[in-house]
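The values are calculated or read from the model by the stated rules, or taken from the named source; none is laboratory data. From a predicted model like this one, the values you see are computed outputs, not experimental measurements. For neighbour counting, all protein chains shown are included, and Cβ atoms are generated from backbone atoms with ideal geometry for every residue, glycine included.
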Amino acid sequence: MSNKLIDIVNVSKSFGDNLVLDDLNLYIRENEFLTLLGPSGCGKTTLLRIIGGFETPDTGKVIFDGKDITDLAPNKRQLNTVFQKYALFTNMTIAENIAFGLKIKGKTKSYINDKIRYALKLVNLEGFEDRTPDSLSGGQQQRIAIARAIVNEPKVLLLDEPLGALDLKLRQDMQYELIRLKNELGITFVYVTHDQEEALTMSDTIVVMNQGYIQQIGTPEDIYNEPKNAFVADFIGESNILPATMVQDKLVKILGASFPCVDVGFGRNRPVDAVIRPEDIDLVKPEDGIIEGVVTHLIFKGVHYEMEVTANNFEWLVHSTDMVEVGTEVGIQVNPFDIQIMKKPESEDAEAVTIEE
Ligand SMILES: Nc1ncnc2c1ncn2[C@@H]1O[C@H](COP(=O)(O)OP(=O)(O)OP(=O)(O)O)[C@@H](O)[C@H]1O
């Protein structure tokens with residue numbers, strides 16, 4: 001991959017007593033589509049605003065292309081921000097909206113007109129110059145907001161939940177538009193969302209955040225297939241997160257039953273979280289499973305059936321293309337490679353338990 005473009009070094013930020021970012025380190029590469037993903041209030045917007053220059057960190061630095069820009073005003077940075085609310089000027093035409101920043105910069109009329117045409121073509125809204133924002137749909141308005149940012153030729157586009165106000169179908173269309181745009185423009189996108197599906201669809205790199213900390217950085221595949229902890233596993237996709245204990249190197253006790261697993265080198269008698277994706281559970285005959293249970297719920301989801309299986313006092317979420325009727329007795333079977341064993345957070349791990357083998 002390409003070079004480091006933005007380096008966030010030891011950044012902390014509090015609002016009053018609320019520590020929002022705690023000694024955060026992250027770098028963003030040139031031409032990367034990097035998504036900050038996490039639940040509401042985890043600090044993603046604050047981090048984006050620090051990169052954009054709208055907020056100053058209490059400690060730490062933002063380095064852009066090798067230069068310290070921590071105290072540089074937003075308009076002096078080579079980046080532009082697109083917010084969730086389109087913030088178009090309603091009393092201006094689309095062309096005037098796009099031209100606004102360029103006029104302030106004193107660009108010539110012909111330069112501005114060329115840029116308007118170029119930007120409208122990029123966002124697939126050619127011929128919209130003389131329309132007003134209120135005659136446009138939400139998706140079209142958001143495209144104009146992006147066009148307005150693009151004409152400034154930023155090296156980086158910062159996008160704060162830009163599709164948050166759109167309905168599902170439009171959001172999905174716009175996701176593909178944004179990927180295309182990013183590829184055509186060859187610039188870096190830093191994208192904030194709390195929508196994991198959106199992050200998985202669009203990103204080269206996902207940064208999963210929670211409570212001011214980075215939980216994991218990786219490609220969508222890494223984050224989905226190898227979540228580093230139970231928070232990431234739970235936040236990205238659906239998971240069964242089960243309290244468990246390592247019995248031996250390749251055996252984990254889950255809800256009282258021993259499941260073969262891969263050796264994670266955690267040692268014996270260690271309490272862990274066992275994470276199993278719903279699509280990785282095989283429902284077999286009761287006598288062939290590791291645990292016996294009964295199907296208690298069944299929903300058809302289009303591509304698969306979603307089932308709940310009650311087994312050993314736990315409701316297991318199971319996805320399968322085969323339907324199993326409610327009330328059927330089943331066995332639960334899992335490939336050892338599909339059981340992710342994760343360390344518990346430090347505080348929960350304080351007391352190791354002793355178990356009988
Ligand atoms: N200007 C501010 N003054 C005081 N508190 C703030 C300010 N900006 C953010 N916060 C607080 O900082 C925390 C993180 O906010 P932030 O907007 O960064 O989270 P987020 O992950 O982007 O959440 P959301 O998805 O809801 O926008 C929240 O508790 C928020 O209330």
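Couple of notes before you dig in:
- Just one residue in the set LYS121, LYS67, LYS109, LYS103 is without any contact (Cβ under 8 Å) to a residue 12 or more places away in the chain, within 30 Å of GLU197 (Cα to Cα) and among the charged types (D, E, K, R); that residue is LYS121.
- Highlighted here are the strands (runs of 3 or more DSSP E) found entirely within segment 134-253 that include at least 1 residues which are hydroxyl-bearing (Ser, Thr, Tyr) and closer than 30 Å to ILE94 by Cβ: 188-193.
- Selection status of THR205, touching a residue at least 12 places away in the same chain (Cβ under 8 Å), of a type in the set (Val, Ile, Thr) and surrounded by fewer than 23 Cβ atoms within 10 Å (Cβ to Cβ): yes
- Meets criteria (within 10 Å of the ligand (Cβ to nearest atom), surrounded by fewer than 23 Cβ atoms within 10 Å (Cβ to Cβ), under 11 Å from VAL190 (Cα atoms) and assigned by TED's automatic domain parsing to the domain that holds THR70) for LEU48: yes
- Pair list, Cβ < 9 Å and 6+ apart or interchain, from segment 141-164 residues that are assigned by TED's automatic domain parsing to the domain that holds PHE33 and within 14 Å of ALA87 (Cβ to Cβ) to residues that are in a loop (DSSP other than H, G, I, E, B) and of a type in the set (Asp, Glu): GLU161/ASP195; GLY164/ASP195
- So ASN80, is it in the same structural domain as LEU136 (by TED's automatic domain parsing) and without any contact (Cβ under 8 Å) to a residue 60 or more places away in the chain: no
- Candidates ASP280, ASP273, filtered to the one that is surrounded by 17 or more Cβ atoms within 10 Å (Cβ to Cβ), of a type outside the set (A, V, I, L, M, F, W, C) and under 14 Å from ASN335 (Cβ atoms): ASP280
- Long-range neighbours under 8 Å by Cβ, at least six apart or interchain, first residue within 16 Å of ILE6 (Cα to Cα) and among the basic types (Lys, Arg) within segment 39-54, second in a loop (DSSP other than H, G, I, E, B) and more than 6 Å from the ligand (Cβ to nearest atom): ARG49/GLU55
- ILE8 being within 15 Å of the ligand (Cβ to nearest atom), part of a strand (DSSP E or B) and of a type outside the set (Lys, Arg): yes
- Look at (1) closer than 21 Å to ARG277 by Cβ; (2) touching a Ser or Thr at 6+ places or on another chain (Cβ under 9 Å) and you find that VAL207 fails only one, number (1).
- Among the residues listed as ASP71, ASP65, ASP22, the single one being within 15 Å of the ligand (Cβ to nearest atom) and in the same structural domain as GLY138 (by TED's automatic domain parsing): ASP22
- Number of the condition not met by ASP17 [criteria: (1) touching a strand residue (DSSP E or B) at 6+ places or on another chain (Cβ under 8 Å); (2) within 16 Å of the ligand (Cβ to nearest atom); (3) more than 22 Å from VAL151 (Cα to Cα)]: (1)
- So ASP280, is it under 20 Å from ALA230 (Cβ atoms), among the charged types (D, E, K, R), within 27 Å of the chain's Cα centre (by Cα) and at pLDDT 95 or above: yes
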